[in-house]
Each structure stands twice: as structure tokens, then as C-alpha cells.
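Q: The structure's right below; bear with me while I get my questions together.
The values are calculated or read from the model by the stated rules, or taken from the named source; none is laboratory data. Everything numeric here is computed off the predicted structure, so don't read it as measured data. Neighbour counts are summed over all protein chains in view; Cβ atoms, including those assigned to glycine, are modelled from backbone coordinates with ideal geometry. Areas reflect the complete protein model, heavy atoms only, side chains present, ligands, DNA and RNA absent. Shrake-Rupley method; radii C 1.70, N 1.55, O 1.52, S 1.80 Å.
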Amino acid sequence: MKVVIIGAGVAGLGVGWRLAQAGAEVIVLERSQPGGGASWAAAGMIAVTAELLDAHAAEIEFARQSNALWPEFAEEVEAASDRVVGFARKGALIVATDAAELARLSRKAVTEPGLSMLDPGQVRALTPLVTGPQAGALWSPREAVVDNRALGMALAYAFQRAGGRLLTNEAVVRIERRNGRAAIAHTPFGLYHADVFVLAAGAWSGQLETELAPITPVKGEMIALEPPPGVALPDQVIWGHGVYVVPRDGRLFVGATAEMVGFDTAITEEAARTLRAGAENLLPAVGDWALVDQWAGLRPRAPDGLPLLGPTTVDGLWLAGGQFRNGILFAPAIAQSVTAQLMGKAAPIPAFDPRRLKA
């Protein structure tokens, strides 16, 4: 089987790597550089609890499956690429700022094994930096982090070492149909024939296939704060006051905004102020930490907010997209699910079947 994958983010590279391991002939066409886009701009959280407190049941189950896959997936990527991806299960603290939020988190703790509630004193004992207003917190020890920027490059190496072909700066501008079937991917530099095409171009997927991949970009900005010398970062991811904070390489990543502004990725002072204010409410001590970086990315969102994983109504054209805020969390499960579908070993997950949007 010959497969052309459009997009070299963690979804496209993950699927390509698994297909190459299974013996398929795979080419990945990337408009820029591997591991860019939302894969690069993310915070690297494997947020199986925090991101999915009120999610669709199918998405929660998929997240659990992917979370379980992550340790072995990370080990395998590192072994195949000879690169470190920084996977670590550090846990996450989800701070409640009032009684209503505390009650909501408490209900989650009752229904989810492994979660526990902490009172304000226990929160400060676990994370002394949390001195802002809080009513307690939900503790999720199963949450993890990964260096998403390292992961993108590691997957690119692993994919190529498995026999895949990666072409960068090769933007697909059209997918030609012949006899009702996807047949040729057109770029400014060449034509690429395949048995199957997988569209995994993130927020840009909708530009290629507006009807079949109705994915819109959602801009998210983040900042990085650096503590004074001798001041330690928190060990875990912390959520609260409208932000999350993630320790990474001596800095504290703070995210994230969400705006529907098309493909605009300009950073703004307003976003920096909003994120910093949220971080200071959560961790007052960061008020004198230096703002050392700011960036923006585009999350790919489907109309109903659920992933698009599987065949479209056009023969030979598949989607691996619409992950929205969960591209890193879902990466191992997307690679597993889409590869199994393409190899004829699994059916699409009904809630994520791209054809649902045409029903």
C-alpha cells in the first residue's frame, strides 16, 4: 500500500511511522518543517483529566486509552530516534477558586478512580507556590508532560528510520480526484500518486478540503516566565484562575488564550497581560519573574469539537485532525487508530468518523 500523508505534525508523523513499521510505502508532505504548527506551539501536557472535565464520553474514553499508551509510545519513539522526548508522569493540580468549582471537581473525584481532593493546606504543602485565593484542588497523579518540540523532531527521525520519506517545504495545494477517488496530491514542485491520502495538516486541513475537512483554526497564545536565580519551579502542572502553568527547562509556560481570528498568529500585549495576571493570581510569587518568551499557535477544531479520524466520503481520502486542544494527549491513540483502520484491522470510532458531519 502506498500512502501520502499531508502534514508532519505529531499526528501525521505518528500515523506515518506506524504505517512504515507495518510495511507500507509512506511519503509525508509538509508545507513547512516537521513538528511545527500546533505541535510546536503546545505546552506538552498529557492532560487526561484537566482538559476533559466536561468532554464527550467518547473523547474521555479515547483520552484514557491514549494516556495508557503514552509511556510505551515515548520509550519506543526515543529508541527509534535516539532522541529524548522528556515524557514524565508528574501529576496535575486543578485548583478551585470558589465553592461551586470545588463542588464540580469533587464530583469528578468521586466518579474517577485515582483522583483525590485536597484542602487548601494540603494544596500548599504539595505546591508551596500556590498562595493565591483557593478553596482546595483536585489532584490527578496520572497526568503527564512531554517536550512536544522534541517529540516532533523525534517522530520525524523515527519515521524516516522506519523507511518513510519526509519532504519539507512541500505544500499540497490540491488533491485531484479521478473517477470519484482521491488520486494525486499536487504541490508547486511535483505530483504524488498514492492508494490512500491522509490529510493531517492541522488548522490548514480545511483550506485543502473545505467540505470534507471543515476544520477551523483557533488561535492560542502562551508566555514563558523565568524565575530569579535560586527560585525553584513547581514540580507539577497547575490549573486555576483561567490559566495553566507547566514547568519546562527552567521556565514556566503559561497558557493559553483562545480566539477565532483566522490564521493570524501575531502575539499581543493584551494576551501577555491576561496570561500573566492569571499566573499571578494562581502563584503570586511569579509577579517578579521575567517574561522571556511569547508565541502563538493555531489549534485545529471541527464544528462539533470532536476529532476527525477515518475515511471521508471520497474514496481514498482519510482525515487525522480536529484534535483541538488535545493533539499531544491523543498522539499515540491517533497513530494506533488510524493505522489500524488503514490496514483493515479496525473500524472508525463512530463519534470521530469524519462522515458524521455529512449525515
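Q: For a quick check of your reading: which helices (runs of 4 or more DSSP H) sit entirely within segment 1-98 and have at least 3 residues that are modelled with pLDDT of 95 or more and closer than 30 Å to Arg124 by Cβ? Show your work before the answer.
A: Numbers: elements: 10-21, 37-41, 57-81.
The helices (runs of 4 or more DSSP H) meeting that bar are 57-81.
Q: Could you list, in sequence order, all residues of segment 281-298 that are under 30 Å from Val172 (Cβ atoms) and surrounded by fewer than 18 Cβ atoms within 10 Å (Cβ to Cβ)? Even if it seems obvious, please write down each step before you answer.
A: Of segment 281-298, the ones under 30 Å from Val172 (Cβ atoms) are 295-298.
Answer for segment 281-298, where residues must be under 30 Å from Val172 (Cβ atoms) and surrounded by fewer than 18 Cβ atoms within 10 Å (Cβ to Cβ): just Trp295.
Q: Would you mind telling me which numbered condition in (1) over 20 Å from Ala335 (Cβ atoms); (2) in contact with a helix residue (DSSP H, G or I) (Cβ under 9 Å, 6 or more places away or on another chain); (3) surrounded by 15 or more Cβ atoms within 10 Å (Cβ to Cβ); (4) among the β-branched types (Val, Ile, Thr) Val196 fails?
A: The number of the failed condition is (1).
Q: Please specify each residue of segment 81-117 satisfying the condition of being open to solvent by 30 Å² or more (accessible area, probe 1.4 Å) and either under 21 Å from Pro247 (Cα atoms) or aliphatic (A, V, I, L, M) (or both).
A: Arg83, Val84, Gly86, Phe87, Arg89, Lys90, Ala99, Ala100, Leu102, Ala103, Val110, Met117
Q: Mind listing whichever residues of segment 266-280 are outside any helix (DSSP H, G or I), surrounded by 13 or more Cβ atoms within 10 Å (Cβ to Cβ) and aliphatic (A, V, I, L, M)? Give the derivation first.
A: The initial filter retains those residues of segment 266-280 that are outside any helix (DSSP H, G or I), namely 266-268.
From what's left, surrounded by 13 or more Cβ atoms within 10 Å (Cβ to Cβ): 267-268.
The one that is outside any helix (DSSP H, G or I), surrounded by 13 or more Cβ atoms within 10 Å (Cβ to Cβ) and aliphatic (A, V, I, L, M): Ile267.
Q: Being of a type outside the set (D, E, K, R), part of a helix (DSSP H, G or I), out of contact with any Lys or Arg (no Cβ under 9 Å at 6 or more places or on another chain) and open to solvent by 20 Å² or more (accessible area, probe 1.4 Å) is the filter here, so list the residues in segment 343-359 that pass it.
A: First, pick out the residues of segment 343-359 that are of a type outside the set (D, E, K, R): 343-344, 346-352, 354, 357, 359.
Remaining after also requiring part of a helix (DSSP H, G or I): 350-352, 354, 357.
Then drop every residue that is not out of contact with any Lys or Arg (no Cβ under 9 Å at 6 or more places or on another chain), which leaves 351-352, 354, 357.
Of everything in segment 343-359, those that are of a type outside the set (D, E, K, R), part of a helix (DSSP H, G or I), out of contact with any Lys or Arg (no Cβ under 9 Å at 6 or more places or on another chain) and open to solvent by 20 Å² or more (accessible area, probe 1.4 Å) turn out to be Ala351, Leu357.
Q: Just the residues that are of a type in the set (Asp, Glu) and out of contact with any strand residue (DSSP E or B) (no Cβ under 7 Å at 6 or more places or on another chain), please, taken from segment 85-131. Please lay out each step first, then the result.
A: Going residue by residue through segment 85-131, those that are of a type in the set (Asp, Glu) are 98, 101, 112, 119.
Selection gives Asp98, Glu101, Glu112.
Q: Checking the structure you have, find out if any residue of segment 299-313 is among the acidic types (Asp, Glu), open to solvent by 60 Å² or more (accessible area, probe 1.4 Å) and without any contact (Cβ under 8 Å) to a residue 40 or more places away in the chain. Before the answer, list the steps.
A: Of segment 299-313, the ones among the acidic types (Asp, Glu) are 304.
This time we only want the ones that are open to solvent by 60 Å² or more (accessible area, probe 1.4 Å), so: 304.
Add one more test, that the residue is without any contact (Cβ under 8 Å) to a residue 40 or more places away in the chain, and what stays is none.
Within segment 299-313, none of the residues are among the acidic types (Asp, Glu), open to solvent by 60 Å² or more (accessible area, probe 1.4 Å) and without any contact (Cβ under 8 Å) to a residue 40 or more places away in the chain.
Q: Please go through (1) open to solvent by 40 Å² or more (accessible area, probe 1.4 Å); (2) touching a Leu at 6+ places or on another chain (Cβ under 9 Å) for Leu317 and return the number of the only condition it doesn't satisfy.
A: (1)
Q: Kindly indicate the residue of segment 35-56 that is open to solvent by less than 20 Å² (accessible area, probe 1.4 Å) and not aliphatic (A, V, I, L, M) and also farthest from Val198 (Cα to Cα) among those meeting that condition.
A: Let us first name the residues in segment 35-56 that are open to solvent by less than 20 Å² (accessible area, probe 1.4 Å), namely 35, 39, 41, 43-44, 46-50, 52.
Then keep just the ones that are not aliphatic (A, V, I, L, M); that gives 35, 39, 44, 49.
Working: Gly35: 17, Ser39: 17, Gly44: 24, Thr49: 29 Å.
That would be Thr49.
Q: Okay, moving on. Go through segment 127-173 residue by residue and tally those that are buried (at least 18 other Cβ atoms within 10 Å of the Cβ), touching a residue at least 24 places away in the same chain (Cβ under 8 Å) and outside any loop (DSSP other than H, G, I, E, B).
A: Adding up the residues that qualify gives 20.
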